[in-house]
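In what follows, a structure is listed as structure tokens, so that the remarks can point back to it.
The values are calculated or read from the model by the stated rules, or taken from the named source; none is laboratory data. Keep in mind it's a predicted model, so treat the numbers as computed, not measured. Cβ: placed from backbone, ideal geometry, glycine included. Neighbour counts: every protein chain shown. These accessible areas exclude ligands, DNA and RNA; they are computed on the full protein's heavy atoms, side chains included. Shrake-Rupley method; radii C 1.70, N 1.55, O 1.52, S 1.80 Å.
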Amino acid sequence: MTASIVSVNIGRSRPLDVGRNYPDTSGIGKEPQVGAVGIRPPGPRRGGLGSGLVGDFIGDSRHHGGDEQAVYAVGQEDLDHWSRHLDRELTPGMFGENLTTAGIDVNEALLGEWWRVGDGAELVVTGPRIPCRTFQVWLGVRGWVKTYTAAGRPGAYLRVAAAGQVRAGDAITVVHRPDHDVTVAMAFRAMTTERELIPHLATAEPHLSEELRGVLAKAG
């Protein structure tokens, strides 16, 4: 099966009562777009454009967005898995992902892996998504953060190495895989359930995001 984009998803600002210390609006509920969507580096988290996709809204700019979390990708295969597990239909964009993919295991992508997609766009894998309370409140599933974390299927954040346009149906071509074995899923486990993996993150230098470098440094 050829790797491809199933859906390009954009979030609009909508009210979401997550609780104290969270914004009262969110863009987590993203909707599939018809036609091409511009994609570009958004700049730093503070003072930048937020999302890498033109028109996409990020409510919690303290914890999301910026160059290292410019684009979030989730496999249709993972949505199908959770649809069966939760016994409800999960359509593209419901996990807050910008790109719903098929034919490529985003969880097994290597940190620093380079993708070409759409009209000139090039994306680089930076790390896993860490589930938060906003995600749990949005889905309305009690204990969701714990359940999602235990499954170890986080989806991948990507930075935009080259701007372009993307649309549903575009092929995804992996043009480079670095010479290490640190996958998105492994980095996620190191950050959550298997802290003993943290020292192994060092083998993925220089492909570690600022967040992962911080995790490594903090572990000593």
Accessible area in square angstrom per residue, the chain, 1.4 angstrom probe: 46
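Give, in whole angstrom and from largest to smallest, the semi-axes √(5λ) of the equivalent ellipsoid of the chain, with λ running over the eigenvalues of the Cα gyration tensor.
Each semi-axis is the square root of five times an eigenvalue, giving 23, 22, 18 Å.
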Global geometry of the range 36-109, whether rounded, prolate or oblate, following the gyration tensor of its Cα atoms and the 1.5 cut on a/c: prolate
Shape parameters for the range 88-169, alpha-carbon atoms, Rg then Dmax in Å: 14.0, 41
Cleavage-rule hits (trypsin sites (Lys or Arg not before Pro)) in the range 103-209: DSSP loop, at most 14 neighbouring Cβ within 10 angstrom: Arg142
Charge dipole (debye, nearest 20) of the range 1-119; +1 at Cβ of Lys and Arg, -1 at Cβ of Asp and Glu: 500
Accessible heavy-atom area order of Tyr157, Tyr22, Tyr148, highest first, probe of 1.4 Å: Tyr22, Tyr157, Tyr148
